[in-house]
1. Run down 183, 176, 170 and say which single residue is in a helix (DSSP H, G or I) and within 16 Å of the ligand (Cβ to nearest atom).
2. Would it be correct to say that residue 258 is surrounded by fewer than 22 Cβ atoms within 10 Å (Cβ to Cβ) and within 16 Å of the ligand (Cβ to nearest atom)?
3. Condition test on residue 197, is it farther than 16 Å from residue 50 by Cα and within 16 Å of the ligand (Cβ to nearest atom)?
4. Which is surrounded by fewer than 23 Cβ atoms within 10 Å (Cβ to Cβ) and without any contact (Cβ under 8 Å) to a residue 24 or more places away in the chain, of 87, 65?
5. Please state which of the following conditions residue 217 fails to meet, knowing it meets all the rest: (1) free of Cβ contacts under 8 Å to residues at least 40 places away in the same chain; (2) among the β-branched types (Val, Ile, Thr); (3) closer than 30 Å to residue 57 by Cβ.
6. So residue 41 clears everything in (1) in a helix (DSSP H, G or I); (2) surrounded by fewer than 23 Cβ atoms within 10 Å (Cβ to Cβ); (3) over 16 Å from the mean Cα position of the chain (by Cα); (4) of a type outside the set (S, T, N, Q) except one condition, right? Which one?
7. (1) of a type in the set (Gly, Ala, Ser); (2) assigned to a helix (DSSP H, G or I); (3) farther than 24 Å from residue 383 by Cα: which one isn't true of residue 103, the others all being true?
Amino acid sequence: MKVQRFSKIGFILAAAGSAVGLGNIWKFPYMTGEYGGGAFVLVYLIIIAFVGFSVMIAEMLIGALGRSDTVTSFEKLAPPNKKYWKLAGFMGFNGIIIMTFYSVVIGWIFYYLYSLLRGLPTSTDQAKAAFDNLVGNEVLAQIFFHTLAVVIVGYIVYRGIKGGIERINLILMPALMLILFGLLAYAMTLDGFKEALSFMFEPKWEKLNSEAFVRAVGHSFFTLSLGMGAIMTYAASLPKEASITKTAFIVTFMDTLIALVAGLVIFSFLFQFGAKPGQGPGLVFISLPTILNNFGTLGIFFALLFFLALAFAGITSAISLVEPVVQYLIDRFHMTRTKAVIFISFIYWLVGVGAILSYSNAWGKIFSIGGKPLFDILEYTTDSILLPLGGLLIAIFVGYVMQKSQVKAHLQTFNEMNPTMYRIWYFSIRYIAPLALLFMMLNLLGVIEL
Ligand code: PHE
């Protein structure tokens, strides 16, 4: 049972801190690059507005009414004859699977922060060689920084909702926004900015395929932290007077804005010096540092700021990935917070080491299944399968299983939704969100082709 409550602003920043993460600054720009820009962005925005936003409200609602860990909340809110719905609460474990590779990427960011101090790469080849060397050969350095990430995140979660999670978000989120908007202001003075704008907002439909659609749906859940109980667990500590609809709107808006700003910043720098956008996961680790070298000493400063923002974004999300299971272990197994944190951190740390090895030249083969490195399998499984599945369960639970009157009463208390809005939301949670998710999953399984 949750006792601590966030303050209003603490909750907004914590939920936004969860949503705004590596997904926004590292992943969204490279996905946009891979799927050709504008059309992908447009599909993504539509999905965020119609599916992501509605599911966010539903997930917050379960948390705010359940006021417990994810499993207990589902159990409490399910009708007496449907208690097996508590199984849906195990979506909290998705966060730990995500953490296995998420903390590895945070480790890379730490490594970059440290190595940038020695200067920037002078050519893309050099930058690529450095990144490939890190991932392929520097196993120990990666394990060191991965461990550092695990320890920092563990410490914050151990400090609890008020003293750890709320506190750190109150500092890191404003800092992150200051850095990103500062970089944007500078990027707007560059010639590359216009090109970045048209790359991101002029749809090239021929580039859009069903894979892009599936990835956009998957990413919308990932980026909004939906389908794994992070938002639900935070909402269990929602301050009494907070409005779910408003908060969900602010969080969705901030998340989307920051993804777009990050994309504009990165692409402006890239286009300024004629680099290509479609470079996959290496985009911010390879292309960006090289390009920033053109700015001389100022470039090192920009790079440090950028990677610092990335680290902040990563950490505030990571704590929300760990908290649900920690809360679950505390509630259901009566573990102390300290024990729960150590136990769960150790498990994902270990699998994370496997993910690191799966990219290494020496061990890659052993840590791959069917030619796919463990790292990619973990990422694909969560992003494309588990989070959408979690989202589907949330939509069905709120749309069909929970008592209608309870849902309606809560969302209309504090006048937070007027009747028309409520009807639109209810329709989308019952029909639009589940259909989009089902469609996506069937497409993924190869049952339907777009
Ligand atoms: N939303 C985070 C990001 O965009 C990742 C995340 C997913 C965090 C799910 C919590 C839950 O990077």
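1. Selected residue: 176, the only one of 183, 176, 170 that is in a helix (DSSP H, G or I) and within 16 Å of the ligand (Cβ to nearest atom).
2. no
3. Judged against the criteria, residue 197 is not a match.
4. Of the residues listed, the single one that is surrounded by fewer than 23 Cβ atoms within 10 Å (Cβ to Cβ) and without any contact (Cβ under 8 Å) to a residue 24 or more places away in the chain is 87.
5. Result: residue 217 passes all but (1).
6. That leaves (2) as the condition not met.
7. (3)
Yes or no, residue by residue, for (1) within 16 Å of residue 264 (Cβ to Cβ); (2) crowded, with 24+ Cβ neighbours inside 10 Å; (3) among the aromatic types (Phe, Trp, Tyr):
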{"site": "283", "(1), (2), (3)": "yes, yes, no"}
{"site": "286", "(1), (2), (3)": "no, no, no"}
{"site": "289", "(1), (2), (3)": "no, yes, no"}
{"site": "296", "(1), (2), (3)": "no, no, no"}
{"site": "306", "(1), (2), (3)": "yes, yes, yes"}
{"site": "312", "(1), (2), (3)": "no, yes, yes"}
{"site": "316", "(1), (2), (3)": "no, yes, no"}
{"site": "319", "(1), (2), (3)": "no, yes, no"}
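The values are calculated or read from the model by the stated rules, or taken from the named source; none is laboratory data. Since this is a predicted model, take the numbers as computed values, not measurements. Please note: Cβ atoms are built from the backbone with ideal geometry, for glycine as well, and neighbour counts cover all protein chains shown.
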